[in-house]
2 protein chains.
Amino acid sequence: MIPMKLPTKIDYKKELEAASKTMIMIHDPKTLMRLIVRMIVSKVKVKHAGMILYDAQRDTYIVRISRGERGLKIPAGYARLDHKSSLIRVFSRKEYKSLSFRQNALVLDDLNKMIWQESVLNGVNNGIGELLHLAKEEMQMFSAIACVPAYCQDTLLAILLLGEKMDGEHFDQDELDFFSALASDVAMAIKNAQLFTDLKKEAERNRDLFLRTTTVLASTIEAKDRYTRGHTERVTDYALAIARQMAANGSLTFPNNFFENLYLAGLLHDIGKIAVPESILGKPGKLTEEEIKIMREHTLRGVEILKPLAELEESLKGVKYHHERYDGKGYPDGLKGDEIPIMAAIIAAADTLDAMTSDRPYRKSMDKNYAIEEIKRNSGTQFHPVVVQALVELFERGEI
Amino acid sequence: MIPMKLPTKIDYKKELEAASKTMIMIHDPKTLMRLIVRMIVSKVKVKHAGMILYDAQRDTYIVRISRGERGLKIPAGYARLDHKSSLIRVFSRKEYKSLSFRQNALVLDDLNKMIWQESVLNGVNNGIGELLHLAKEEMQMFSAIACVPAYCQDTLLAILLLGEKMDGEHFDQDELDFFSALASDVAMAIKNAQLFTDLKKEAERNRDLFLRTTTVLASTIEAKDRYTRGHTERVTDYALAIARQMAANGSLTFPNNFFENLYLAGLLHDIGKIAVPESILGKPGKLTEEEIKIMREHTLRGVEILKPLAELEESLKGVKYHHERYDGKGYPDGLKGDEIPIMAAIIAAADTLDAMTSDRPYRKSMDKNYAIEEIKRNSGTQFHPVVVQALVELFERGEI
């Protein structure tokens, strides 16, 4: 006698435990769906599997079907289902509390029986009979022979769609148990993923709100001083370009968040001018010594205004020291060479370039060619040589 | 013969599944610990159970022990353990890769055997022998007869501490299996909870950062116009007090977020003055008609400045209309009565109260008593009567 080769029995409990653990750590619903569908196809040996997933944001359901053996695809127009779908309605606990299915799963064979019962008991035109009939058609359209719903507090979160088994057999009790438990884990994982997505979005939204508020804050100085219109934005652009070039040249490795901090410093470098009288800011002639003193206070006044925002600590270096000079003859502290934070040295060059190439109350704008020559000439005295080098390279390539 | 009463067998798999699902939805580590410890005590019938939980933020371990039957407590000084604790070290995969325990659990009986083996094989003064000895002492201090570690990627996230069983028996295989699986679920739940906590904190931090940036934004107008020093803050306080009083009186039900929006509107109501020349803002004498026109533009300029922040839409009503009058003679749109958003009507009264009781370039401050009388006299013409009523009530109770 040839010994029968027994099929290896699958330990569904173990599979479930492993799956559940993987699922819960995946916070992207799409990846989650792909994972679940793949697992069903490979572990239960069905020809294909799919999933209908609730999209809370749009209040619709997304359909995803694995390629499986047959390379089955979602019928055109069925990538999304809404609450009018019969399959969704059949499983809606709010709508049809009375409908109950074996093992919490809707198997095609059972469905045929239920339709027959309904037609016998209540006549063909009965609402439930018709609903079941339409649901059956939808199942067939997806080539599903069983559907397993997943709920979270009576909200239908997902439906597993199961195609025929490879061996053509019916699903046995163990398998349906597995699907039911899996569906429940799926619901949990989806809920978890949705909470994560929501929180993450909230964090990002709030961060974005902060950045936009900073931009508005920066714009206030432009509402006051018409000569700075567009100045902060241009300085920020120049500064970021210079820093990128320096990084590309390998002349410096920047710490974490350097670019974001530089961006904020660029936007806010002149915010202290809010505290400088308009009569000085807009004076067409030469400033007196006293006026120069007040004008120069804008670096420290900027720091003062921004002090409540401890998160800007790094950026404040750019605000405070963007008028220092490489030779130590700048203000407010007369720092020299590498004592000057590189962020401030970058803004200093960017600031000068834009100031020279824009109209000012006391003079007309200069040609950019001339401005770059001037900055080059002052490399190592007013400006940091490495910064100037990056600036010149950008200019020569026409990128500034 | 008296029939033996068989103890009801516990379905650990089922318990585990239920526990895992509850755990994963709890995102507060402390609640999670309480839940797990309680479950162990009630399901496995141990005299007490406890848990040592990794606190990633402080890089230490927190100890929590259930009251259980004996009302056991954590020994003084052991509410937190650090990496020097022998129990922590024994389970550190990074430190002692070679140590392996039956069922991934450290049972007191096994520990005695291991200590004996170490002393026979390597002598008493061997490092591992001593470590095991100290770990045993720590277990005894917590009255634990078994410890089950929980890892996430080789990081020790938790140790379950298990006291004696009620029936005095040893833990059987089923129970140790259960603990091991439970520990693994615990690790997952803890990891999940930590991720949640981190994300939530980030969202809150970013929100807070936005609010503080708004405060800085509001303060810029005070850096420019010395007469408004403290004005925005006081107006905001008055406005919030009036709204609270109105809510208490039941005169209005406010929509969601009304108070936060009012707070922001209060802070930002005069931001448009950034765009008004200092010569007009600080003029000691009477303003010319042209100057009045420019001054009045501050409401619309405020809206313009804040436009990039769509989130402030509701607050902008307060910014734009805080100079409207109940009788329709205000600006910028001459709105009348209930056409004026209630937020703006509240700020209008708060603004006037503070303006009258503060020094201005063109006059000294007035007595608050007199100011309130003036506002009362203009109720129904300049001011919304319901707002005035709330303001008067606050004043009479000495709360404003």
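The values are calculated or read from the model by the stated rules, or taken from the named source; none is laboratory data. Just so it is clear, the model here is predicted, and its values are computed rather than measured. Glycine gets a Cβ as well: all are built from the backbone with ideal geometry, and neighbour counts include every protein chain shown.
In this structure, does residue A:275 turn out to be at pLDDT below 95, within 14 Å of another protein chain (Cβ to nearest Cβ) and surrounded by fewer than 16 Cβ atoms within 10 Å (Cβ to Cβ)? No.
In region B:69-88 there is no residue that is modelled with pLDDT under 85, within 13 Å of residue B:37 (Cα to Cα), loosely packed, with under 13 Cβ neighbours inside 10 Å and in the same structural domain as residue B:131 (by TED's automatic domain parsing). Among residues of region A:299-318 that are more than 19 Å from residue B:214 (Cβ to Cβ), those with a beta-carbon under 8 Å from a residue that is modelled with pLDDT of 95 or more and not in a helix (DSSP H, G or I) at least six positions away or on a different chain give the pairs A:299/A:322; A:299/A:323; A:299/A:331; A:299/A:332; A:300/A:332; A:317/A:341; A:318/A:269; A:318/A:341.
So, residue A:175, is that one over 18 Å from the mean Cα position of the chain (by Cα), buried (at least 18 other Cβ atoms within 10 Å of the Cβ) and among the acidic types (Asp, Glu) or not? Taking the combined requirement at face value, the residue satisfies it. Just to be sure, is residue B:293 within 26 Å of residue B:223 (Cα to Cα), surrounded by fewer than 14 Cβ atoms within 10 Å (Cβ to Cβ), basic (Lys, Arg) and at pLDDT 95 or above? In short, yes.
Please state which one of A:319, A:303 is within 14 Å of chain B (Cβ to nearest Cβ) and closer than 20 Å to residue A:242 by Cβ. Of A:319, A:303, the one residue that is within 14 Å of chain B (Cβ to nearest Cβ) and closer than 20 Å to residue A:242 by Cβ is A:319. The residues of region A:150-176 that are assigned to a strand (DSSP E or B) and not β-branched (Val, Ile, Thr), listed by number, are A:150, A:151, A:152, A:156, A:157, A:158, A:160, A:161, A:162, A:165.
Only residues that are closer than 30 Å to residue B:18 by Cα and either modelled with pLDDT under 90 or among the hydrophobic types (A, V, I, L, M, F, W, C) (or both): list them for region A:199-238, please. Within region A:199-238, A:199 is the sole residue that qualifies.
Please state which one of B:212, B:205, B:226, B:244 is more than 9 Å from every other protein chain (Cβ to nearest Cβ), without any contact (Cβ under 8 Å) to a residue 40 or more places away in the chain and of a type in the set (Lys, Arg). Only one candidate passes the filter, namely B:244. Comparison of A:207, A:212 shows that the only residue that is farther than 30 Å from residue A:48 by Cα and touching a helix residue (DSSP H, G or I) at 6+ places or on another chain (Cβ under 6 Å) is A:207.
Looking only at residues in region A:302-322 that are surrounded by fewer than 20 Cβ atoms within 10 Å (Cβ to Cβ) and touching a Lys or Arg at 6+ places or on another chain (Cβ under 7 Å), which one is farthest from residue A:262 (Cα to Cα)? Filtering region A:302-322 for residues that are surrounded by fewer than 20 Cβ atoms within 10 Å (Cβ to Cβ) and touching a Lys or Arg at 6+ places or on another chain (Cβ under 7 Å), the one farthest from residue A:262 (Cα to Cα) comes out as A:308. As for region A:172-187, it holds at least one residue that is polar (S, T, N, Q) and within 14 Å of chain B (Cβ to nearest Cβ). The number of residues in region B:31-51 being in a helix (DSSP H, G or I), touching a Lys or Arg at 6+ places or on another chain (Cβ under 8 Å) and within 11 Å of residue B:64 (Cα to Cα) comes to 3.
Cβ separations smaller than 7 Å between residues 6+ apart or across chains give the following pairs from region B:277-288 residues that are of a type in the set (A, V, I, L, M, F, W, C) to residues that are in a helix (DSSP H, G or I): B:280/B:291; B:280/B:294; B:280/B:295; B:281/B:273; B:287/B:280; B:287/B:295. Could you grab me the full set of residues in region B:190-202 that are more than 8 Å from chain A (Cβ to nearest Cβ) and touching a strand residue (DSSP E or B) at 6+ places or on another chain (Cβ under 6 Å)? Residue satisfying the conditions is B:190 alone. Has region A:134-147 got any residue that is more than 27 Å from the chain's Cα centre (by Cα), outside any loop (DSSP other than H, G, I, E, B) and within 14 Å of residue A:40 (Cβ to Cβ)? Yes, that holds for at least one residue.
Scanning region A:15-32 for residues that are of a type in the set (Gly, Ala, Ser) and within 11 Å of another protein chain (Cβ to nearest Cβ) yields a total of 2.
Here is a yes/no grid of residues against (1) surrounded by fewer than 22 Cβ atoms within 10 Å (Cβ to Cβ); (2) within 16 Å of residue A:399 (Cβ to Cβ); (3) not assigned by TED's automatic domain parsing to the domain that holds residue A:312:
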{"position": "A:232", "(1), (2), (3)": "no, no, no"}
{"position": "A:237", "(1), (2), (3)": "yes, yes, no"}
{"position": "A:241", "(1), (2), (3)": "yes, yes, no"}
{"position": "A:244", "(1), (2), (3)": "yes, yes, no"}
{"position": "A:248", "(1), (2), (3)": "yes, yes, no"}
{"position": "A:253", "(1), (2), (3)": "yes, no, no"}
{"position": "A:260", "(1), (2), (3)": "yes, no, no"}
{"position": "A:265", "(1), (2), (3)": "no, no, no"}
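Among residues of region A:358-400 being over 39 Å from the mean Cα position of the chain (by Cα) and basic (Lys, Arg), the one that is nearest to residue A:235 (Cα to Cα) is A:360. When residue B:187 is tested against the conditions (1) among the aliphatic types (A, V, I, L, M); (2) buried (at least 23 other Cβ atoms within 10 Å of the Cβ); (3) in contact with a strand residue (DSSP E or B) (Cβ under 7 Å, 6 or more places away or on another chain), the lone failure is (2).
Region B:339-400 holds helices (runs of 4 or more DSSP H) entirely within its bounds, and those carrying 2 or more residues that are surrounded by fewer than 19 Cβ atoms within 10 Å (Cβ to Cβ) and among the acidic types (Asp, Glu) map to B:368-377, B:385-396.
Which condition from (1) more than 20 Å from residue A:214 (Cβ to Cβ); (2) more than 11 Å from every other protein chain (Cβ to nearest Cβ) is the one that residue A:267 breaks? Residue A:267 satisfies all of (1) more than 20 Å from residue A:214 (Cβ to Cβ); (2) more than 11 Å from every other protein chain (Cβ to nearest Cβ) except (1).
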